[in-house]
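Report on the structure given below.
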Amino acid sequence: MRANTRRRDEAALDEADKALVELLQRDGRLPYTRMAAEVGLSEAAVRQRVQRLIDGNVVQIVGVTDPLRLGFRRQAMVGVRAEGDLTTIADALATVPEVDYLVFTTGSFDLLFEVVCEDDEHLLELLNDKVRSIPGVRSAETFVYLRLHKQTYAWGTR
């Protein structure tokens with residue numbers, strides 16, 4: 001059933017939509033006139049399609065920042081082993097402002113999330129006061145980022 005739903009959702013994107021997504025992945029500030037010329041549609045059609053892609057949660061257009069340049073000196077990935085309802089735990093973690101990425105996983109951890117903190121003291125406070133105090137969190141393992149080597153959002157479309 002889910003595979004059929006996914007195929008229907010993917011089928012809703014035609015080649016022009018996919019081309020627009022790929023253009024936006026490369027440069028989210030690209031003018032509609034340039035996109036229109038690239039995909040062979042009118043500016044109005046591109047504007048409507050991009051808005052539909054945003055409204056349908058296919059794309060987000062945001063400014064990606066460098067946390068270090070904004071005063072956030074500590075980033076980490078945290079793996080959580082949990083017991084009980086994972087959705088309840090994930091919902092609690094999602095309310096923590098420092099959490100910017102949160103996924104359900106298989107393997108050693110039930111949940112993985114990324115945090116951006118001001119410094120090590122902030123990270124310690126977050127782990128102790130906000131993460132480990134959530135009912136159902138059995139353990140949390142922290143992977144501190146030493147240096148970002150690659151980050152991309154341009155994985156294209158299929």
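Derivation of every value follows stated rules applied to the coordinates shown; laboratory data play no part. Treat the numbers as computed from the prediction; the structure is a model and nothing was measured. Cβ placement follows ideal geometry from the backbone for every residue including glycine, while neighbour counts extend to all protein chains displayed.
Computed from the C-beta positions of Arg47 and Asp100 and an R0 of 22 Å, the FRET efficiency is 0.15 to the nearest 0.05. Size of region 67-144: Rg and Dmax of its alpha carbons, in Å, are 11.9, 39. Cβ crowding within 10 Å ranks Tyr32, Tyr145 as Tyr145, Tyr32, fewest other Cβ atoms first.
A straight chain from Asp119 to Ala92 at 0.36 nm per residue would run longer than the Cα-Cα distance by 7.5 nm.
Each label point was placed 7 Å from the Cα along the Cα-to-Cβ direction; for Glu141 and Arg26 their separation is 4.0 nm.
Across the chain, counting alpha-carbon atoms alone, Rg and Dmax equal 19.6, 55 Å. In the chain, helical runs assigned H by DSSP with n ≥ 4 each contribute -39500 (n - 2.57); averaged across all residues and rounded to the nearest 500, the mean residue ellipticity at 222 nm is -10500 deg cm²/dmol.
What does the C-alpha gyration tensor say about the overall shape of region 8-101? Classify as rounded when a/c is under 1.5, otherwise prolate if a/b is larger than b/c, or oblate. Taking the square roots of the gyration eigenvalues as a ≥ b ≥ c, region 8-101 is oblate. The simple Förster model, with R0 at 41 Å and r as the Cβ-Cβ distance, assigns Ala12 and Asn128 a FRET efficiency of 0.35.
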